[in-house]
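Notes for the one structure printed next.
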Amino acid sequence: MASASASARPATHATPASTEPTGTQAKHAQPATTAPADRRDPERGAGRGGRAAGLTRWLWALPPVAVLALVFLYPLYLVVEQSFSPDEGGTSLAPYREVFASEAFREALWTTVWIAVCATIGCLVLGFVLALIIAFVPFPGGKAVAKFIDVFLSFPSFLITLALLFIYGTVGMANGVYTDVTGAASGPFDFLNTPWGVLLAEITYFTPFVMRPLLAAFSGIETAQLEVASSLGARPARIVRQVILPEALPALAAGGSLVLVMCLNEFGIVLFTGAKGVTTLPMLVYSEAILESDYPAACVVAVVNIAISVGLFGLYRALVARTGRGGEGALLKGARRAGA
Amino acid sequence: MLVHSRTGRWTAWIVFFALFLPLFALPLLVIVAASFATHWSGAFPSGPTTEHYGAAVRGESLEALTTSLVTALTASVLALAVGTWAALAASALGRRAKRLLDALFMLPVAVPSVVVGLAVLVAFSQPPMLLNGTRWIVILAHGVLVTAFAYQSVSAALARLDPAYEQAAASLGARPWLVLWRVKLPLLLPSLNAAAGLCFALSMGELSATMMLYPPDWMPLPVRVFTATDRGALFTGSAVAVVLMGSTLLVLLAVSRIRTRASYR
């Protein structure tokens, strides 16, 4: 804090024109406390406080950015750099050519993308149906279900795969029930080591990530609107299509793109599946780096994975920024209702 | 109320539970059931035992539990410090600068955790920053991964904060750091608390980056679950997983209790 006040001092001197009472002068120099006008239009505030005040604000932002640069941005840069440096030395596109030419990479890319897309669609459909019932066909215990979803979100993803081993594994529950009922020697469920097992686990784990923003958006819909629609003769399917769906679209878009990014990046579920047949991009990064010790190749795959995910995440941020205010409004409305 | 007829409502509820129970409730139940079982060849587990828990809270697994707790705690504290500072600094900047900071600090969410692990491994395996093989490389990676969430929740709370409080304090002559310490931070306490819980839970369950980085003497619980199940010790793995879920929940519960007390104050 000592350095903070020291850096604030020159800025205070730089604003002698200020006629405000003592104590507020330093306010302009301090990023932590901004005047109301500053809050709405910081550019103007900075102009009033002088250039030095703006500079101090930047100085304040510097330490955390420096930390981030050291522990995250610089390492990321090193990954990109290494992806252009083959083991033989020098800088070339050779690692890229090598990786892009390999069958394993192309298959991993395809597997990653189709599993992620299918899982996202699955999560959206399932999440929409479940959230719809919780919000508009309320039942006792609905609150508990919403709580349970919050708890579910705080658990790691690989637990789902572990559980699926007991449920659909070769000697698991589903096959056990089947053999008990039919007397057959083995059950029909044998998909855990295939991409379908990964798909099921991802849909299970990521659906709550869609349900949460949807429930927030649904709480912003006036029930009176639905009553009016239904009293005018609209059937539930039509109300969903024409009243609820338009309201839910921003939440669906935001939740869907978030889930898509998380599915593309998912590692735990694939690792626990332990299937040689299912290799996704993150899995390929892991096996190239840790098992094969081929760092340039791992870095190439990592760069491709980053490009896809960051591109999609940028899209997600843009969607949220465009619709964020509505979403937040809905959240606040929901909170107010709960408080009343 | 969307569906008015009684049969319609019941159909909706049946559909809901037919989807919800097997997909979301069953997996967690199954793990708990398996952690008490010695055999599972058939519809239900058999041979109830608490032996796996004995193994799960002794030796290697106990070490993994303390490793995870220490890692999660340290990483959360670091992430909260950096994230809160960054959010406070960003809220004072112009709109375009704030957006840049938002993008920078949210970037770790978009980058796959495995790649974060790889990047940290590449960067900290050589002097002058040789952390590879120590516990700090794991803690560092966890910190990187959860900072985004700390930043995001504090940032959102700052946007909702009523500026009247700090203006009142400042107009009464409070120095900026006093305003920050006595007015702003207490007002932010509930969201700091929520962020702490979120960071802790995420760090407890982190597997991807950890798999790239962990040294043999610093193995967190998720990795322990993986090594156990990879060896075929599914039931021990389940017991360790239940310990993981339980400790996460306990800490979250404690944090939320502090939160309610903080918001009453």
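Values quoted throughout were computed directly from the atomic coordinates according to the rules given, and no laboratory measurement underlies them. Just so you know, these numbers come straight off a predicted model, no measurement behind them. FYI the Cβ positions are ideal-geometry reconstructions off the backbone, even for glycines, and counts take in every protein chain you see.
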>> Run lengths n ≥ 4 of DSSP H only: what is the helix-derived mean residue ellipticity at 222 nm for chain B, with -39500 (n - 2.57) per run over all residues, to the nearest 500?
In response: -24500 deg cm²/dmol
>> Nearest 10 degrees is fine. How inclined is helix B:185-205 to the longest principal axis of chain B, computing both from alpha carbons?
In response: 30 degrees
> Averaged over B:206-214, how many beta carbons belonging to a partner chain fall within 10 Å of each residue's beta carbon?
Replying inline: 4
> Between the range A:80-123 and the range A:201-247, what's the alpha-carbon centroid distance in Å?
Replying inline: 39 Å
> Other chains near A:131-144: what is the mean number of their Cβ atoms within 10 Å of each residue's Cβ?
Replying inline: 3
> Of the peptides B:120-130, A:111-121, how do they stack up when ordered by the mean number of other Cβ atoms within 10 Å, highest first?
Replying inline: A:111-121, B:120-130
> Got a sec? Charge dipole of the range A:95-339, +1 on Cβ for Lys and Arg, -1 for Asp and Glu; which of A:I134, A:A174, A:A307 is way out at the positive end?
Replying inline: A:I134
> If one puts a single equal scatterer on every Cα of the range A:95-339 and applies the Debye formula without solvent, what log₁₀ I(q)/I(0) results at q = 0.07, 0.08, 0.10, 0.13 Å⁻¹?
Replying inline: -0.31, -0.40, -0.61, -0.91
> Quick one: putting +1 on the C-beta of Lys and Arg, -1 on the C-beta of Asp and Glu, what dipole do you get for chain B around its Cα centre, in Debye to the nearest 20?
Replying inline: 1040 debye
>> With 10 angstrom as the radius, rank B:H142, B:H39 by how many other C-beta atoms surround their C-beta, starting from the fewest.
In response: B:H39, B:H142
> For the protein assembly as shown, what is the charge dipole size about the Cα centre, in debye to the nearest 20, if Lys and Arg each add +1 at the Cβ and Asp and Glu each add -1 at the Cβ?
Replying inline: 2880 debye
> Taking a ≥ b ≥ c as the square roots of the eigenvalues of the Cα gyration tensor of the protein assembly as shown, is the shape rounded (a/c under 1.5), prolate (a/b larger than b/c) or oblate?
Replying inline: oblate
> Once phi is turned into θ = phi - 60°, what whole-Hz ³J(HN,Hα) does the Karplus curve with 6.51, -1.76 and 1.60 give for every residue of the range B:142-157, x standing for Gly and Pro?
Replying inline: 4, x, 4, 5, 9, 4, 4, 6, 4, 4, 5, 6, 5, 4, 5, 5
> In nanometres, what is the gap between the two model label sites at A:V151 and B:R160, each 7 Å from Cα along Cα-to-Cβ?
Replying inline: 2.4 nm
> Using the alpha-carbon centroid of each, what span in Å lies between the range B:150-213 and the range B:70-139?
Replying inline: 16 Å
>> Quick check: the angle from helix B:6-20's long axis to the longest principal axis of chain B, C-alpha only, nearest 10 degrees?
In response: 80 degrees
>> Lysine pairs in the protein assembly as shown with Cα distance under 28 Å, only those 8 or more apart or on different chains: how many are there?
In response: 7
> How far, in degrees from 0 to 90, does helix B:59-91 lean away from the longest principal axis of the Cα atoms of chain B, to the nearest 10?
Replying inline: 30 degrees
> In peptide B:24-37, how many Cβ atoms from other protein chains are near each Cβ within 10 Å, on average?
Replying inline: 5
